[in-house]
1. Restricting attention to the range 85-100, and to residues there that are touching a strand residue (DSSP E or B) at 6+ places or on another chain (Cβ under 6 Å) and in contact (Cβ under 8 Å) with a residue 40 or more places away in the chain, which single residue is surrounded by the most Cβ atoms within 10 Å (Cβ to Cβ)?
2. Mind checking which pairs have a first residue in the range 44-64 that is over 17 Å from LYS90 (Cβ atoms) and of a type in the set (Gly, Ala, Ser) and a second that is open to solvent by 60 Å² or more (accessible area, probe 1.4 Å) and part of a strand (DSSP E or B), Cβ under 6 Å, 6 or more apart or different chains?
3. Hey, does the range 57-66 have a residue that's modelled with pLDDT of 90 or more, over 20 Å from the mean Cα position of the chain (by Cα) and buried (at least 17 other Cβ atoms within 10 Å of the Cβ)?
4. Assigned to a strand (DSSP E or B), open to solvent by 60 Å² or more (accessible area, probe 1.4 Å) and not β-branched (Val, Ile, Thr): which single residue out of LYS48, LYS20, LYS24 fits that description?
5. Specify which of the listed residues (ALA103, ALA82) is modelled with pLDDT under 95, under 25 Å from LEU2 (Cα atoms), surrounded by 10 or more Cβ atoms within 10 Å (Cβ to Cβ) and out of contact with any His (no Cβ under 7 Å at 6 or more places or on another chain).
6. Which condition breaks for ASP30 when tested against (1) open to solvent by 30 Å² or more (accessible area, probe 1.4 Å); (2) outside any strand (DSSP E or B); (3) in contact with a helix residue (DSSP H, G or I) (Cβ under 6 Å, 6 or more places away or on another chain)?
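The values are calculated or read from the model by the stated rules, or taken from the named source; none is laboratory data. Only a predicted model underlies this, so the values are computations on that prediction, with no experimental measurement involved. FYI the Cβ positions are ideal-geometry reconstructions off the backbone, even for glycines, and counts take in every protein chain you see. Just so you know, the surface numbers come from the protein's heavy atoms only, side chains and all, with ligands and any DNA or RNA stripped out. Shrake-Rupley method; radii C 1.70, N 1.55, O 1.52, S 1.80 Å.
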Amino acid sequence: MLQKFEINGVHTTIDDKLRKYVTKKIGRLDRYLPRHHRDSVHVIVELKESKAKDKNKYTCEVIMHLPHENIAVSESTMNMYAAVDIVETKLKLQIKKYKDSHASGKLTRHLTARLRRKATPELTEV
């Protein structure tokens with residue numbers, strides 16, 4: 001579970017049911033982060049409600065502060081819970097991209113070394 005986690009409501013009140021749902025969905029994204037970055041992640045969730053003439057529009061905006069980068073994702077729908085679900089899937093993809101670009105490189109070093117060993121022909125004495 002994420003340690004630094006804020007939920008703010010803009011032009012709306014956040015009830016316990018919605019707070020619990022957002023915490024469950026967004027708060028569990030730490031499993032996709034690299035282990036050594038999990039302690040320094042700060043997440044801000046803003047839930048907004050805008051009332052147009054004919055329809056209500058709900059927006060969920062998440063800003064995730066990571067050690068080398070910030071990830072910002074927002075989505076607007078007719079239902080707040082649907083907006084949270086869509087933001088969760090978008091964040092998963094963005095975190096996976098972040099993890100690939102900021103990986104330690106240990107895996108790629110091992111794979112390239114293994115490929116080099118296979119590519120060099122073995123010298124045999126005649």
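1. VAL87
2. SER50/LYS57
3. Yes: the range 57-66 contains one or more residues that are modelled with pLDDT of 90 or more, over 20 Å from the mean Cα position of the chain (by Cα) and buried (at least 17 other Cβ atoms within 10 Å of the Cβ).
4. Criteria check complete, one pass: LYS48.
5. Exactly one of ALA103, ALA82 is modelled with pLDDT under 95, under 25 Å from LEU2 (Cα atoms), surrounded by 10 or more Cβ atoms within 10 Å (Cβ to Cβ) and out of contact with any His (no Cβ under 7 Å at 6 or more places or on another chain), namely ALA103.
6. (1)
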